[in-house]
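Here's the structure we're looking at; comments come further down.
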Amino acid sequence: MLDHLAYEAPKPKVIAGARHDWELVIGMEVHAQVASQAKLFSGASTAFGAEPNANVSFVDAAMPGMLPVINEFCVEQAVRTGLGLKAKINLFSAFDRKNYFYPDLPQGYQISQLYHPIVGDGEVIVDMGPGLARRVRIERIHLEQDAGKSIHDMDPALSFVDLNRTGVALMEIVSRPDIRSPEEAAAYVAKLRQILRYLGTCDGNMQNGNLRADVNVSVCRPGAYERYLETGDHRHLGTRCEIKNMNSMRFIQQAIEFEARRQIAILEEGGEVVQETRLYDPDRGETRSMRSKEEAHDYRYFPDPDLLPLELDQAWVDAIAAALPELPDARKARYVTQFGITEYDAGVLTAEAENAAFFEEVARGRDGKQAANWVINELFGRLNREGHTIAESPVSAAQLGAILDLIAAGTISGKIAKELFEIVYTEGGDPVRIVEERGMRQVTDAGAIEAAVDAVIAANPAQVEKAKANPKLAGWFVGQVMKATEGKANPAAVNALVTRKLGL
Amino acid sequence: MNLNELTIAQAREGLRRREFSAEELTMSCLAAIDAGQALNAFVHPTPEIALEQARAADARLAAGDAPSMCGIPVGIKDLFCTKGVAAQAASRILEGFRPEYESTVTQKLWDAGAVMLGKLNMDEFAMGSSNETSVYGPVVNPWRCDDRELTPGGSSGGSAAAVAAALCLAATGTDTGGSIRQPAAFTGIVGLKPTYGRVSRWGIVAFASSLDQAGPMTKTVRDAAIMLQAIAGPDPKDSTSAEIPVPDFEAALTGDVRGRTIGIPREYRMPGMPEEIERLWQQGAELFRSAGARIVDITLPHTKYALPTYYVVAPAEASSNLARYDGVRYGRRARLAQGDGITEMYEKTRAEGFGAEVKRRIMIGTYVLSAGFYDAYYNRARKVRALIKRDFEEAFAQGVDAILTPATPSAAFGLGEMASASPVEMYLNDVFTVTVNLAGLPGIAVPAGLDRQGLPLGLQLIGRPWDEAGLLNMAHCLETAVGFVSKPARWW
């Protein structure tokens, strides 16, 4: 089986400055919340939407004498994610403390993995259209704790702290600076999200903050990026700024676009870009500096003495690898070869694992191309318009399959099938029974069709004369017959009979 | 003899024979605590809990279901969290803090039937060697040689003084650089620091996580064995506790050391060390030789780097461990002025909440971990630490079963005497003990004699990792041979 379809790299985005052209260089740090019921180092729940400070253990609140104990399930999810990104799994990894003061960080440090991350080099193939994709290298994935939430706008004088999120497990997925346009950046996040959801290691819910990205942006002159690739020297890429905590694909694109133009303007005026952390303000459509140099943090990383290094067994990793599901790239490639559908359609069908599973159930033992058309155009089209997911679909795969079977058997025409789909969608029910009960069966009985044709010809002698002079009017007779049979006559059969009876 | 003066082993016998009740034993200790307030050892007595537990112990004794420490009254260092009882680590910053949980060590003690008399004074956050950094004020050593008040040592000074003055039968201590062994030596009692990982750290306020280890402070080596038995063992809540079976420590106390090899490390012969201590050390070696052990000279070449290494590693970890005391969730929060923000809250709270020594170590730790200094200090200290550990491994590989050293470079000194000394002079108190923490080994201080002034001096035995049984047996042999029976003359 193919790992993925053949592709070429897209061209990087070029922005024309006042003086010359510039290219974009983007690297991302995506924070993906591990789909785990318990936190990374405590047994507290991770359920979203709980009362403030309801999901807080003594460990999360950093009570004196409390100690972290690693959640093995979270480790497994990080390994699964690494394997899904074709990455190197580090059998030895270790936890470090990142020290800083903030009220929503009760320990006064975040437990992370700076020196020895659990996952090393990997890749994400970012689809940018049929035959076009960017290969983005993954540098590392490490496990770390999330912080809590500080709320400053509930009271004019007081700040509030909610520790429910404190200690929730995050995977920080760090890419190399291989992303070359705002569109690619958004597509990268989308692809990562898709893979994570296939793996089930992160639910990818960006609205709840379960998937957020820090975006590193710099600009360089054309040619500089190639020199970076040759030498590995990051200085060719220009000075970068980091835009923190983005949780919308649209804002990611807007922020990159703004930030690139801001940097170009500075450089073209002879200035220097200051390496700093910035925040995107979607209301104003601009990025702003988050903190000045004087407040720059020195995180004083050092190995966490409360935790032993994480030592994994190769056999355990191998067992996880063996149980990995088929991932989007492989599934898409298989659909193209197995069902003979276009890459575009395969992409639509594989966007979500649930969609793909639905399609495969419909396609099993049927014409894959036809199944794809119906799933994409009729079902997905309708669901999208109504804002529903496949899980909420009123039409099951079995029902849609039954409709396709009725078409294949010649029991109903394609046109009737759409009416049938509408009935099943709005009212439900077994398609076969609906066809029977509502008399929707296509009339293929030649005798019955002939009788209908004869009746129309007999009733319209004047039209018959005209048609003999002008054969194009035969269509009028076909229409009359279809009307008389309430659309159930086989249109091809009607057409043939009308032509013969009129002697055309 | 008053009941509070009994050892654990003696009391265990008496209780089982119904010569007295756990309640009587506890009352005797509570009376001694009352009478011993001048020592300033118990800072949060818990007489109600004690009597309730004693009565429960009596019921179990009557039912013939008496676990190993049933009815034995003990004191708990203020560093341990015990449910519903103030736990302040002798710091202002934890004022008013009452944990809603029970440390693994104390839970194991209660499970073994022990009776809690209360919380014991200590140096603030276990940082200190004289008990003078405590927010409760210093503990006074029950031993004295003139009219001066002496330090009981630190940081487990309250535990040491309470055991030496028979306010309790035994106490818990913690040892990060010598905090069990140095005060034990200063007060003429036995103090055992187990192998790192032998005893759970869960529920003990952390000072330096890679060095901290809780252990027993007792009147005899046998008592140390009984108490270690109760508190040792793996704990799923502490990832650094080891999955290693706990042997029967008391059964190991045969006193037979024939064929054992005792190493004498030449690097522990410090310039300026009092002759008395040198003599005591030699006597200790002689006693072992007489008992049939082999005495060999060994070398631990990186010993001289131990103190500087310790004073990089321990403050580094402490600076991070103590970041949680920020006034946000528990303990003391400074009164803020109009317009003060979060930064002022941190600064004022920590400025008034921590004492000078704690602040010094937080600053040292912050410095050695900061960008640009990390490799020069913290990383180098980690490497030296590995070398110190290797020194011991090589000695043990050559067949050494235990290493004999002095416990401290001096006897107890007067309270306030070090006030004008540099912090480094105070740190020198730990010179014989820190190596053991850096290497994660078990070490025990055993009273070995009195100095010219009549103050107790201790010897230290350092054992192979996880060989507390062998170590206790050698300590038991030394204890028996020395025959140290002196008690402080009661002045309080």
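Among what's in the range B:272-329 and is of a type outside the set (Lys, Arg) and assigned to a strand (DSSP E or B), pick the residue that is surrounded by the fewest Cβ atoms within 10 Å (Cβ to Cβ).
Residues of the range B:272-329 of a type outside the set (Lys, Arg): B:272-278, B:280-288, B:290-293, B:295-303, B:305-323, B:325-328.
The next check asks that each one be assigned to a strand (DSSP E or B); those that pass are B:295-298.
Details: B:Ile295: 15, B:Val296: 14, B:Asp297: 8, B:Ile298: 19.
Among those residues, the one meeting the criterion is B:Asp297.
Can you confirm whether B:Leu336 is exposed (fewer than 15 other Cβ atoms within 10 Å of the Cβ) and either within 11 Å of chain A (Cβ to nearest Cβ) or over 23 Å from B:Glu95 (Cβ atoms) (or both)?
Working: exposed (fewer than 15 other Cβ atoms within 10 Å of the Cβ): yes; either within 11 Å of chain A (Cβ to nearest Cβ) or over 23 Å from B:Glu95 (Cβ atoms) (or both): yes.
So B:Leu336 fits the description; yes.
Going by the conditions given, is B:Ala356 open to solvent by less than 70 Å² (accessible area, probe 1.4 Å) and not assigned by TED's automatic domain parsing to the domain that holds B:Asp123? So B:Ala356 does not fit the description; no.
Return the residue satisfying two criteria in turn: it lies in the range B:203-217 and is in a loop (DSSP other than H, G, I, E, B) and buried (at least 24 other Cβ atoms within 10 Å of the Cβ), and of such residues it is farthest from the other protein chains (Cβ to nearest Cβ).
Of the residues in the range B:203-217, the ones in a loop (DSSP other than H, G, I, E, B) are B:203, B:205-212.
From what is left, the residues that are buried (at least 24 other Cβ atoms within 10 Å of the Cβ) are B:203, B:205-208, B:211-212.
Working: B:Gly203: 4, B:Val205: 4, B:Ala206: 7, B:Phe207: 11, B:Ala208: 8, B:Leu211: 8, B:Asp212: 9 Å.
Checked the range B:203-217; the qualifying residue farthest from the other protein chains (Cβ to nearest Cβ) is B:Phe207.
A:Glu76 meets each of the listed conditions (1) surrounded by fewer than 23 Cβ atoms within 10 Å (Cβ to Cβ); (2) touching a residue at least 12 places away in the same chain (Cβ under 8 Å); (3) of a type in the set (Asp, Glu); (4) within 14 Å of another protein chain (Cβ to nearest Cβ) apart from (4). Taking the range A:42-73 as the range and being within 18 Å of A:Glu311 (Cβ to Cβ), open to solvent by 10 Å² or more (accessible area, probe 1.4 Å) and within 14 Å of chain B (Cβ to nearest Cβ) as the test, the residues that pass are A:Val69, A:Ile70, A:Asn71, A:Glu72.
Regarding the range A:397-410, can at least one residue be identified that is in contact (Cβ under 8 Å) with a residue 60 or more places away in the chain, in a helix (DSSP H, G or I), open to solvent by less than 40 Å² (accessible area, probe 1.4 Å) and β-branched (Val, Ile, Thr)? Within the range A:397-410 (the criterion being in contact (Cβ under 8 Å) with a residue 60 or more places away in the chain, in a helix (DSSP H, G or I), open to solvent by less than 40 Å² (accessible area, probe 1.4 Å) and β-branched (Val, Ile, Thr)), the answer is no, since none of the residues qualifies.
Only one residue in B:Phe392, B:Phe432 is under 21 Å from the mean Cα position of the chain (by Cα) and among the aromatic types (Phe, Trp, Tyr), so which one is that?
On the way: B:Phe392 fails: under 21 Å from the mean Cα position of the chain (by Cα).
Answer to the check: B:Phe432.
Scanning the range B:430-440 for any residue that is modelled with pLDDT under 95 and outside any loop (DSSP other than H, G, I, E, B) turns up at least one such residue. Among the residues of the range B:339-351, those identified as without any contact (Cβ under 8 Å) to a residue 60 or more places away in the chain, open to solvent by less than 70 Å² (accessible area, probe 1.4 Å) and within 11 Å of another protein chain (Cβ to nearest Cβ) are B:Asp340, B:Gly341, B:Ile342, B:Met345, B:Tyr346. Taking the range B:185-202 as the range and being among the small types (Gly, Ala, Ser) and either within 14 Å of chain A (Cβ to nearest Cβ) or under 12 Å from the mean Cα position of the chain (by Cα) (or both) as the test, the residues that pass are B:Ala185, B:Gly191, B:Gly197, B:Ser200.
Would you please name the residue that is farthest from the other protein chains (Cβ to nearest Cβ), looking only at residues in the range B:89-103 that are within 22 Å of B:Gln53 (Cβ to Cβ) and in contact (Cβ under 8 Å) with a residue 60 or more places away in the chain? Don't jump to the end; show me each part of the working.
Applying the first criterion (within 22 Å of B:Gln53 (Cβ to Cβ)) to the range B:89-103 yields B:98-103.
Then keep just the ones that are in contact (Cβ under 8 Å) with a residue 60 or more places away in the chain; that gives B:99, B:101-103.
Working: B:Pro99: 7, B:Tyr101: 6, B:Glu102: 10, B:Ser103: 6 Å.
Top of the filtered list is B:Glu102.
I'd like to know if the range B:39-59 contains one or more residues that are of a type outside the set (A, V, I, L, M, F, W, C), at pLDDT 95 or above, open to solvent by 60 Å² or more (accessible area, probe 1.4 Å) and under 20 Å from B:Ser159 (Cβ atoms). For the range B:39-59, residues of a type outside the set (A, V, I, L, M, F, W, C), at pLDDT 95 or above, open to solvent by 60 Å² or more (accessible area, probe 1.4 Å) and under 20 Å from B:Ser159 (Cβ atoms): present.
Taken together, B:Asp175, B:Asp147 contain a single residue that is within 18 Å of B:Lys219 (Cα to Cα) and assigned by TED's automatic domain parsing to the domain that holds B:Met418, which is B:Asp175.
With respect to the conditions (1) out of contact with any helix residue (DSSP H, G or I) (no Cβ under 9 Å at 6 or more places or on another chain); (2) modelled with pLDDT of 95 or more, B:Pro406 falls short on a single one, namely (1). Would you say B:Tyr427 is at pLDDT 95 or above and assigned to a helix (DSSP H, G or I)? Answer is no for this residue.
Pull up the range B:146-176, narrow it to residues that are under 26 Å from B:Gln107 (Cβ atoms) and part of a loop (DSSP other than H, G, I, E, B), then point me to the one that is nearest to the other protein chains (Cβ to nearest Cβ).
Taking the candidates together, the pick is B:Thr176.
None of A:Leu267, A:Leu310 is surrounded by 18 or more Cβ atoms within 10 Å (Cβ to Cβ), of a type in the set (A, V, I, L, M, F, W, C) and touching a strand residue (DSSP E or B) at 6+ places or on another chain (Cβ under 6 Å) except A:Leu310. It is to be established whether one or more residues within the range B:104-113 are open to solvent by 10 Å² or more (accessible area, probe 1.4 Å), within 14 Å of chain A (Cβ to nearest Cβ), at pLDDT 95 or above and in contact with a Ser or Thr (Cβ under 6 Å, 6 or more places away or on another chain). Checking the range B:104-113: at least one residue is open to solvent by 10 Å² or more (accessible area, probe 1.4 Å), within 14 Å of chain A (Cβ to nearest Cβ), at pLDDT 95 or above and in contact with a Ser or Thr (Cβ under 6 Å, 6 or more places away or on another chain). Residues in the range B:397-415 include at least one that is open to solvent by 50 Å² or more (accessible area, probe 1.4 Å) and part of a helix (DSSP H, G or I). Do we find that A:Tyr335 is under 22 Å from the mean Cα position of the chain (by Cα) and surrounded by fewer than 19 Cβ atoms within 10 Å (Cβ to Cβ) in this structure? Answer is no for this residue.
Could you check the range B:359-383 and list, in sequence order, the residues that are buried (at least 19 other Cβ atoms within 10 Å of the Cβ) and either charged (D, E, K, R) or more than 13 Å from chain A (Cβ to nearest Cβ) (or both)? Please lay out each step first, then the result.
As a first pass, look at the range B:359-383 and keep what is buried (at least 19 other Cβ atoms within 10 Å of the Cβ): B:361-362, B:364-366, B:368-369, B:377-378, B:381.
B:Arg361 - this is the single residue of the range B:359-383 that is buried (at least 19 other Cβ atoms within 10 Å of the Cβ) and either charged (D, E, K, R) or more than 13 Å from chain A (Cβ to nearest Cβ) (or both).
Scanning the range A:336-368 for residues that are over 20 Å from A:Gly131 (Cα atoms) and assigned to a helix (DSSP H, G or I) returns A:Ala353, A:Glu354, A:Asn355, A:Ala356, A:Ala357, A:Phe358, A:Phe359, A:Glu360, A:Glu361, A:Val362, A:Ala363, A:Gly368.
Report whether or not B:Lys83 is among the charged types (D, E, K, R), under 30 Å from B:Leu94 (Cβ atoms) and touching a helix residue (DSSP H, G or I) at 6+ places or on another chain (Cβ under 8 Å). Against the criterion (among the charged types (D, E, K, R), under 30 Å from B:Leu94 (Cβ atoms) and touching a helix residue (DSSP H, G or I) at 6+ places or on another chain (Cβ under 8 Å)), B:Lys83 does not qualify. Here's a check for you: in the range B:218-249, which residue that is of a type in the set (A, V, I, L, M, F, W, C) and either open to solvent by 20 Å² or more (accessible area, probe 1.4 Å) or more than 17 Å from B:Ser68 (Cβ to Cβ) (or both) is farthest from the other protein chains (Cβ to nearest Cβ)? Looking at residues that are of a type in the set (A, V, I, L, M, F, W, C) and either open to solvent by 20 Å² or more (accessible area, probe 1.4 Å) or more than 17 Å from B:Ser68 (Cβ to Cβ) (or both), I get B:Val246. Applying the criterion of being touching a strand residue (DSSP E or B) at 6+ places or on another chain (Cβ under 8 Å) and polar (S, T, N, Q) to the residues of the range B:105-133, the residue that is nearest to B:Asp65 (Cα to Cα) is B:Thr106. Just one of (1) buried (at least 24 other Cβ atoms within 10 Å of the Cβ); (2) farther than 18 Å from B:Ser156 by Cα fails for B:Phe97. It is (1).
The values are calculated or read from the model by the stated rules, or taken from the named source; none is laboratory data. Computed from a predicted model, the values in this text were never measured in an experiment. Positions of Cβ are backbone-derived with ideal geometry, glycine not excepted, and every protein chain shown enters the neighbour counts. Please note that ligands, DNA and RNA were not included when accessible areas were found on the heavy atoms of the full protein model with its side chains. Shrake-Rupley method; radii C 1.70, N 1.55, O 1.52, S 1.80 Å.
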